[in-house]
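Presented below is the structure to which this report refers.
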Amino acid sequence: MNITITARKTSVRDSFKDRIDKKLAKLDRFFDESANAIVTVTNEGDRETVEVTIQAQGMFYRAEKTTSDRFDSLEAVVDSLFRQIVKNKDKLGKRLRETAFDAANMEAGEEQEEAYGDFDVKRVKRFTLRPMDIDEAILQMNLVEHEFFVFLNAESNEINVVYKRRNGAYGLLEPTIE
């Protein structure tokens, strides 16, 4: 697994980098060598946040934890990622082996600050849509811990959005043209 470490408002010592390598090595058995892990360490006052995003064959796993100690945050994040992977192992095993999706196309484009009319848009994100069924879209949304997920519906060949409702259920937005 290729690991990229980014520090925001702090510096990362070699001892912490070694700890990251050691902890993420436990997850190597689930992925091949082409998997990428992006670790972001942020310090805000007395809060240490560690965020890990693992990208492997078109699938994304993400966890974030904030505590007063970055080592504790790292432990919690790795535990969370391990639970995510094990929980979804049966559902994702087949897709991880068969999917040859270029996940680099899903990475965010350059951050831009543009004015659209009266609104100040702080970030523009571009990504490539790929056909998937509703179950896979919900699974992807849960893995990246987002509230909604835009996808190309494999059945209708239209752009759809799945979202998490307040009661814990899921919703689906399907466009119609008048």
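When we screen Arg19, Arg13 for residues that are modelled with pLDDT of 90 or more, in contact with a helix residue (DSSP H, G or I) (Cβ under 7 Å, 6 or more places away or on another chain), farther than 17 Å from Gln57 by Cα and open to solvent by 80 Å² or more (accessible area, probe 1.4 Å), the only hit is Arg19. In this entry, Tyr163 is excluded by the filter for residues that are modelled with pLDDT under 65 and outside the structural domain of Tyr61 (by the TED database).
Each residue in segment 141-158 was checked for being of a type in the set (S, T, N, Q) and modelled with pLDDT under 85, and 1 pass. For segment 148-178, a residue qualifies if it is of a type outside the set (A, V, I, L, M), within 19 Å of Thr128 (Cβ to Cβ) and in a strand (DSSP E or B), and the qualifying residues are Phe148, Phe149, Phe151, Asn153, Asn160. Summed over segment 152-178, residues that are open to solvent by less than 50 Å² (accessible area, probe 1.4 Å) and among the hydrophobic types (A, V, I, L, M, F, W, C) total 4.
Going through (1) open to solvent by 30 Å² or more (accessible area, probe 1.4 Å); (2) of a type outside the set (Val, Ile, Thr); (3) closer than 15 Å to Asn142 by Cα one by one, Asp69 falls short only on (3).
Whether a residue is at pLDDT below 80 and over 22 Å from Ile38 (Cα atoms) was assessed, and Glu113 passes this test. Among the residues in segment 151-173, are any in contact (Cβ under 8 Å) with a residue 40 or more places away in the chain and of a type in the set (Asp, Glu)? No, because not a single residue in segment 151-173 is in contact (Cβ under 8 Å) with a residue 40 or more places away in the chain and of a type in the set (Asp, Glu). Out of the residues in segment 118-140 meeting the condition of being out of contact with any strand residue (DSSP E or B) (no Cβ under 6 Å at 6 or more places or on another chain), within 20 Å of Tyr61 (Cα to Cα) and aliphatic (A, V, I, L, M), tell me which one is modelled with the highest pLDDT. Checked segment 118-140; the qualifying residue modelled with the highest pLDDT is Ile134. Among the residues of segment 25-51, those identified as closer than 18 Å to Thr67 by Cβ and not β-branched (Val, Ile, Thr) are Asn43, Glu44, Gly45, Asp46, Arg47, Glu48, Glu51.
The values are calculated or read from the model by the stated rules, or taken from the named source; none is laboratory data. None of these values were measured; they are calculated from a predicted model. Virtual Cβ from ideal backbone geometry, glycine too; neighbours counted across all protein chains shown. Just so you know, the surface numbers come from the protein's heavy atoms only, side chains and all, with ligands and any DNA or RNA stripped out. Shrake-Rupley method; radii C 1.70, N 1.55, O 1.52, S 1.80 Å.
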